[in-house]
Every structure is written in C-alpha cells, then in structure tokens.
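The values are calculated or read from the model by the stated rules, or taken from the named source; none is laboratory data. All figures in this text were calculated on a predicted structure; none of them were measured in a lab. All Cβ positions, glycine included, derive from the backbone under ideal geometry; neighbour counts span all protein chains shown.
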C-alpha cells in the first residue's frame, strides 16, 4: 500500500463517520480504525507500509500509548517500540468532525447553515421542495438533499457525532423527522415550536409508544433562551445550545471524538492530488504554554508553496513552509522546535508566548 492509498483509506474512514489513528516512523506508516473508550481501545489494521515483523508490537504500543492519554486525551502521542529504541513513532488520531443535519430549508436554516459551517460542522440540508433545497441557497452546506424527509434521513449515516435540527414548514413534517431520528443514537435532536405545540407533540410521541427517556431527551423548544427574535438570532441560540452540549467531555463515547474540519481538509486534499506530485504534511506534535494551535493541527504544503490548513499563521508558519519544501525535495522527515517566547518573537507579532514541536513529513 502506498502513502497516498493509506491517506485514501483514512479519508474513506472519516467519510463514513469513523475514527482512525495513523502511526508513522522513518517514512513508514500504518493506519488503524479506532474505537472504544477511555478504558478500552480497539484497533483494526486498514493499511500499512511497515514490514510484517513490526506490526504486532506496533499495534500493542499504539494501544498502550492511547490508553495512557485517555483521561486527558491527546490527538498526537509519541512512543518507542522498545527501551533504548532510537526511532520515535508518532500516532495521530483523526475523528470525523461533528455533523449537523438540518431538516427544512426555510428562513431559519440559511443563517443556521452559514454559522454552523463557521463552527466546523459538516452540514446536510434536507427539504422536499426544489426552491428550498439547492446548493445556490446553501453554498456552505456539504450536502443538500431534495426529496422526502423520511427517505433522505434513511440514506444518512448517523453517529454520536451527529446533531439534528428539525425546522420544517409544518407539524406533520416535524413529527415525521423526529420519529425517524429519536431512536437513532445521535448526540442531539432539537425541534422548533411553541411550548404548547411541543407539549402536544411530546404527548403524541408517548402515546405512540416511544420511551419516556427518548422523548425527554428531545431539545424542544429548541435553542438557549436568549429572547431571540430574528432568524439569525434563533440560529445563534440553536448553535449555542449545540456547542455547549458538544464541548462537554462527558458527552463523547470516545475520548478522541470531534475532529476539526479544517485539519480534515488536509487529508482530503492529499487524496485529491496526483500521486506524482510530492507533498509535505506538517503536524503539531506537542505544545507548551499559549501556542496558537494545539497538538494535532496540520498543514499541507505543495511544491509551489501553496498550503491547505494552518498551524497558527504568521512567520512561524512561513518558516515551516520553507522547511517543508526541503522535505519535499529530499524526502527526509524533519522535527522543528518552535519557541515563541521572548522579545524577538513578540516583535514579530507572536505574543502568545508558547512553544510547539512540529513534525514535517513527505507524503
């Protein structure tokens, strides 16, 4: 399996809403699917360029390294296969970004989709009316589905990183969407409506046999109470409620859940580039202090200096880009320690005062 094929398998894993861990050392890589919890990690090999002899201890050490960080999960961990080993292995965890499903393409949905995209949600919009379900109306959405709500929802992969907002044009469509989503193991299900209407619909769902705890888990009326009046204000209240829930550590079924869409764009860009074009990926492996971005942030560098993603911007990122061009040319990975403390860096506009260790690899 080539490096690009491994990245292709990684992107497919993420596209299906699944997590993965990519382990690399000395120009070799292994990709594993990743699932489990803070107490147990399950790995399954998806592809590798390592030799067979390395794989058993590599899987064991990768699992141990992830478990050792589970209480305070890190997206990047380093380890050696054996005491005194001079080779450092770096395991990078990738998780699919949170996905927002918006049922209904009306006036509230437009600002909701725009703001959700800014918050790194991958957004899907569903409506059965062509005028309200098209890419021109929702340019920020990753997917716009025009069709019956029940069929559209049945076609989607729903995970614990899925958040659903029901804002259709009528009681019948709202109820249809909620019935289909309420039994799914998703992170959030919210429905718009007055308190009276919501109370009546809860009673209907209970009468239809839905479990009380499922009905009670429905966020309705939707959104935080901020006296919102305009569509944009209602969108803010909805996303504030979702973000508050998403950022509670206890809500994740796995400690590594919730990837950054900006970093996942790096993976997608690698898969789209011709294999004959050498590329470099810069990964923040560790940070100290107030660094602009945390471990796991990535940037893709092309031979012409173009980039995808960011590791913090400014002159530091420019230095990394220059070093990456050397890595592209000679193929040798490079570790780059960045110190943003002291008056010199402050003069350059880097007043954050942190430190970063960056690994630059050709892919």
Reported set for the range 13-29 where residues are out of contact with any strand residue (DSSP E or B) (no Cβ under 9 Å at 6 or more places or on another chain) and part of a helix (DSSP H, G or I) is 15
If I go through the range 43-67 residue by residue, how many of them are more than 16 Å from residue 87 (Cα to Cα) and loosely packed, with under 12 Cβ neighbours inside 10 Å? 3
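Is it true that some residue in the range 286-305 is part of a helix (DSSP H, G or I), surrounded by 19 or more Cβ atoms within 10 Å (Cβ to Cβ) and not assigned by TED's automatic domain parsing to the domain that holds residue 89? Write out each step before concluding.
Step one: of the range 286-305, the residues part of a helix (DSSP H, G or I) are none.
No - not one qualifying residue is present in the range 286-305.
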Considering the range 30-42 alone, what residues qualify as being modelled with pLDDT under 85 and in a strand (DSSP E or B)? 36
When residues of the range 193-223 are limited to those that are within 28 Å of the chain's Cα centre (by Cα) and under 16 Å from residue 170 (Cα atoms), the one surrounded by the fewest Cβ atoms within 10 Å (Cβ to Cβ): 221
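Counting only residues that are under 30 Å from residue 313 (Cα atoms) and modelled with pLDDT under 95, give me the helices (runs of 4 or more DSSP H) lying completely in the range 157-274 with at least 1 of them.
Values: elements: 171-181, 195-207, 212-216, 231-246, 261-272.
Filter on the range 157-274 gives 231-246, 261-272.
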Considering every residue within the range 74-84, establish whether at least one is in a loop (DSSP other than H, G, I, E, B), buried (at least 20 other Cβ atoms within 10 Å of the Cβ) and outside the structural domain of residue 140 (by TED's automatic domain parsing). yes
